[in-house]
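Okay, structure first, notes after.
The values are calculated or read from the model by the stated rules, or taken from the named source; none is laboratory data. Only a predicted model underlies this, so the values are computations on that prediction, with no experimental measurement involved. Heads up, the Cβs are rebuilt from the backbone with ideal geometry, glycines too, and the neighbour counts pull from every protein chain shown. Surface accessibility is based on the protein's heavy atoms, side chains included, excluding ligands, DNA and RNA. Shrake-Rupley method; radii C 1.70, N 1.55, O 1.52, S 1.80 Å.
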Amino acid sequence: MKRKLPFPLSKEKSFYDSLSDWIGDTLYDDLTEKGFECRDEQIFMAFQIEQALKDKKVLFAEAGVGTGKTIAYLLPAIAYARYTGKPALISCADETLIDQLVKEDGDIRKISAALDLDIDVRLAKARAQYLCLKRLEETGDTTNEEFVELVEDSLPDFVYGNMSLQSTEAYGERSDYPELSDAQWKMVNYHPIQQCEACDLRNKCGQTLHRNYYREAVEIIICSHDFYMEHIWTKDSRKRQGQLPLLPDVSMVVFDEGHLLEYSAQRALTYEVQNSTLLLLMERIMVDGIREKTLGLMEQLIDVHASFFDRLDASKEITDNDRKAINRSDDLLALGKEAVRLSHAILEEFVFEGELFIIPEYELKMVEEYLDQYIYSMDLFTSQNDAVDWLENREGELTLVVMPRLVTDILREKLFSSKLPIVFSSATLSVFKDFSYLADGLGIEEYLSFSVPSPFDYDEVMKVVSTDVEDREKAEKVLELLEDGEQTLILFKSEQSMNRFQSQLPAAWKERVAFEGERELSSIVRDFQQKQIAILCSYHLWEGLDIPQDALTRVIIHDLPFPPSDPLFDARRKHADDPFRQVDLPFMLLRLRQGAGRLIRTSEDYGTVHLLLNPLEQQLKPEIESIFPVPMVAQV
């Protein structure tokens, strides 16, 4: 149902002219009268977005911290959604940013109250952000984990009771279980091998209830970059299978922290094969009564798959990177091809097994879907094509990851070739006002762009300090800095770097420092903001963290956030004339600007950005200093 426009239309003016007038009146007068600050940069940005809507173009909107970017894109987005009758979609870098956007004192609630606008806002979180009832049951049956009973006790009565489904309520988000660690959550959340369409608990599933709710949105849908990219990647195949796309059609898209979209696209546009998953699934359907031929083929596949992963593990390059390059030997490829042949043979036998009804339908469907993806992934790995592949160790689980081709081609074809207005919003979209690094990585050939500075007086509130220090001495230097008790965020380039620092931490400091991954991240951030924690260590919070005033007065950059030398970045370097200048350095400078930007978020903020630079990093001081709004001071 279309909603009433927040301004009247007339025959004398087009919608876009009326929208421009309304934006001006709202930002110059209405919001100012309600106590909002009038910012020229914000008004300029809102008018540029209005122009992008009119032209149906891609817009890179780079606006410094404190500009008020959220309100600048919300006003045109709300009006455009009501005008077109389709919701506007706001895509955030991660789930933490979604929560900040819709919090009680967030911009959406503020302008809703100030303008007396009833804004329909609905969240569409990634599937892994929801509890899976099937996995919860399985974890309870196969482990003695105490947290399972706590989760079961928290479920609404209609899930396992006989209550009518006429009065269901959405439940089961990750944020509903802040006491669970990431490792515990991964035992009970949605996993891609689950077959929701064949699940007997589907109508009572929290994820299904959330999906049904946001699909009926008429104004604003908010999701993560990862989920939007999964939508783009699966949209056509879901339609072919008679399923609804993950997201409904929208009128426009805003990518908040849009510089991170490429990495979400990379995560979404990959196929994964894990070491243990195939064995676990096969064991689930090796039931009494299964035909001997089928059973023999399954046992052969299990053996070949195990040999493939043994050889794969032995063929990986030994590096500190999360993504390990693979030496593709003839023996390894032969094992992969044999696994594909056996998988095809098993699928043929499953046709007969299905007619016998020996294997439970849900389990059979799950294994069939998994083998289809397994075959496609292994075909990509063993064939000669443009696919990029690597090996990861995810919490002790070996995982082969295959990307069919670089995301630029796919995004250009499936997203940026349409006439959908798309706005990239961030304080860091360019390198020295040049947007080509981001545009080239995303496959965007034509775009509008602008860059406006932050309205803050950084000379008065911000200090940037660099210290020359060897890597082995960085932990000791950090502890020296922390002695003063300031509220401090320490940023690391990778999880491995953070873990090394944690291992060097004296026992006396253990209770004083919080590390990402110990429990649900938004709950750690909340405790940090409330000063229940004085020191927060993270490798993800380079962007999106909003901790105002004295809750955060220092950011320590433990190491410069260069991209790893892994197969994915190596593929991009291969297409560059000067890999360091075209790939590594722009990536690092963009991420460093974001990390430093965590410090000054409001006009009342102040503090210090402290960089610890090893000898190689010290050579880049001129480039590093150029991205800061104040001169960098050296400290011995």
(message) Explain nothing, just compute: Karplus ³J(HN,Hα) = 6.51 cos²θ - 1.76 cosθ + 1.60, θ = phi - 60°, for every residue of the range 190-207 in order, whole Hz, x for Gly and Pro.
(response) 4, 10, x, 6, 5, 10, 4, 5, 9, 7, 6, 9, 4, 6, 9, 6, x, 5
(request) Note down the accessible area of Tyr376, probe 1.4 Å, to the nearest 10 Å². (result) 100 Å²
(message) If you average the C-alpha positions of the range 541-564 and of the range 291-332 separately, how far apart do those two centres end up, in angstrom?
(response) 39 Å
(request) Report ³J(HN,Hα) in whole Hz for each residue of the range 432-441, in order, from the Karplus equation J = 6.51 cos²θ - 1.76 cosθ + 1.60 where θ = phi - 60°; Gly and Pro get x. (result) 6, 6, 9, 9, 5, 4, 5, 4, 5, x
(request) Largest first and in whole Å, give the semi-axes of the range 107-216's equivalent ellipsoid, each being the square root of 5 times a Cα gyration tensor eigenvalue. (result) 28, 17, 14
(request) Return the distance in nm (one decimal) between the two label points of a simple spin-label model at Asp21 and Arg109, each offset 7 Å from Cα along Cα→Cβ. (result) 3.4 nm
(request) Using only Cα atoms, figure out Rg for the range 457-570 and give it as a multiple of 2.2 N^0.38 Å. (result) 1.09
(request) Take Asp577, project a point 7 Å from its Cα along the Cβ direction, then tell me which residues of the range 431-463 have their backbone nitrogen under 11 Å from it. (result) none
(message) Using helices alone, I'd like the mean residue ellipticity at 222 nm for the chain: each DSSP H run of four-plus residues gives -39500 (n - 2.57), total over residue count, nearest 500.
(response) -13000 deg cm²/dmol
(request) Would you mind computing the Rg to Rh ratio of the chain from its alpha-carbon coordinates, Kirkwood style for Rh? (result) 0.97
(request) Relative to the longest principal axis of the C-alpha atoms of the chain, give the angle of the C-alpha long axis of helix 225-240, reported between 0 and 90° and rounded to the nearest 10°. (result) 50 degrees
(request) With unit charges on the beta carbon (Lys/Arg positive, Asp/Glu negative), name the residue among Met282, Ser264, Asn189 whose Cα is farthest towards the positive pole of the charge dipole of the range 189-300. (result) Met282
(request) At q = 0.09, 0.18 Å⁻¹, work out log10 I(q)/I(0) for the range 1-142 with the Debye formula, treating every Cα as an identical point scatterer and leaving solvent out; two decimals please. (result) -0.34, -1.13
(request) Give me the Debye-computed log₁₀ of I(q)/I(0) at q = 0.20, 0.21, 0.22 Å⁻¹ for the range 382-428, equal point scatterers on Cα only, no solvent, two decimals. (result) -0.82, -0.84, -0.85
(message) From the P(r) of the range 246-397, could you give the percentage of C-alpha pairs in the tail past 25 Å?
(response) 41 percent
(message) Accessible area of the chain with a 1.4 Å probe: how many percent of it is carbon plus sulfur?
(response) 46 percent
(request) Starting from the eigenvalues of the Cα gyration tensor, five times each then square-rooted, give me the equivalent ellipsoid semi-axes of the range 576-636, largest first, whole Å. (result) 24, 16, 9
(message) Cut-off under 28 Å on the C-alpha distance; same-chain residues fewer than 8 positions from Lys103 excluded. Which lysines are left, in chain and number order?
(response) Lys2, Lys4, Lys34, Lys69, Lys86, Lys125, Lys186, Lys204, Lys531
(request) Determine the distance separating the Cα centre of the range 180-209 from the Cα centre of the range 398-423; give it in Å without decimals. (result) 26 Å
(request) Starting from the Cα gyration tensor of the range 165-245, take the square roots of the eigenvalues, sort them a ≥ b ≥ c, and report rounded, prolate or oblate (rounded when a/c is under 1.5, otherwise prolate if a/b is larger than b/c, else oblate). (result) rounded
(request) Work out how much length Glu355 to Ser154 would gain on full extension: take 0.36 nm times their residue separation and subtract the Cα-Cα distance, in nm to one decimal. (result) 68.4 nm
(message) Can you compute the FRET efficiency between Glu473 and Tyr606 using 1/(1 + (r/R0)^6), with r the Cβ-Cβ distance and R0 = 30 Å? Round to the nearest 0.05.
(response) 0.60
(message) Suppose each label sits 7 Å from its Cα in the direction of the beta carbon; what would the Glu363-Asp313 distance come out to in nanometres?
(response) 2.6 nm
(request) Putting +1 on Lys and Arg Cβ atoms and -1 on Asp and Glu Cβ atoms, find which of Phe227, Pro245, Ala339 reaches farthest to the positive end of the dipole of the range 215-346. (result) Ala339
(request) Please name whichever of Pro622, Cys537, Ala427 sits farthest to the positive end of the charge dipole of the chain, dipole taken about the Cα centre and charges placed at Cβ: Lys and Arg +1, Asp and Glu -1. (result) Ala427
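Please report the net charge: other residues with Cβ closer than 13 Å to the Cβ of Glu62, K and R +1, D and E -1.
Working: positive: Lys69, Lys433, Arg593; negative: Glu41, Asp256, Glu257, Asp434.
Its environment carries a net charge of -1.
What order, most packed first, do the peptides 567-577, 598-608 have when packing is the mean number of other Cβ atoms within 10 Å of each residue? Don't skip to the answer; put the middle values down first.
Values: 567-577: 16.0, 598-608: 17.7.
Highest mean packing first, the order is 598-608, 567-577.
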(request) Enter the Cα centre distance for the pair the range 502-520 and the range 341-364, rounded to the nearest angstrom. (result) 49 Å
(request) First select every other residue whose beta carbon is under 10 angstrom from the beta carbon of Ile524; then total the charges, Lys and Arg +1, Asp and Glu -1. (result) -2
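Ranked highest first by average number of other Cβ atoms within 10 Å, how do 39-49, 183-193 line up?
39-49, 183-193
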(message) Please list 3J(HN,Hα) in residue order for the range 141-151, calculated via the Karplus relation 6.51 cos²θ - 1.76 cosθ + 1.60 where θ = phi - 60°; whole Hz, with x for glycine and proline.
(response) 6, 10, 9, 10, 5, 5, 5, 4, 5, 5, 5
(message) Between helix 69-84 and the chain, what is the angle of the helix's C-alpha long axis to the longest principal axis, kept within 0 to 90° and rounded to the nearest 10?
(response) 70 degrees
(request) On a 0 to 90° scale, report how tilted helix 330-356 is relative to the longest principal axis of the chain, with both axes built from alpha carbons and the result rounded to the nearest 10. (result) 70 degrees
(message) With both bridge residues required to lie in the chain, what share of the DSSP beta bridges run antiparallel, to the nearest 5%?
(response) 25 percent
(request) Using label points projected 7 Å from each Cα along Cα→Cβ, tell me how many nm separate Asp30 and Lys56, to one decimal. (result) 2.7 nm
(message) How big is the dipole moment of the chain about its Cα centre under a simple scheme where the beta carbon of each Lys and Arg is +1, that of each Asp and Glu is -1, and everything else is neutral? Debye, nearest 20, please.
(response) 1680 debye
(request) Note down the net charge around Ala198, summing +1 for each Lys or Arg and -1 for each Asp or Glu among other residues with Cβ under 11 Å from its Cβ. (result) -3
(message) If I take all pairs of Cα atoms in the range 480-636, what percentage of them are more than 28 Å from each other?
(response) 23 percent
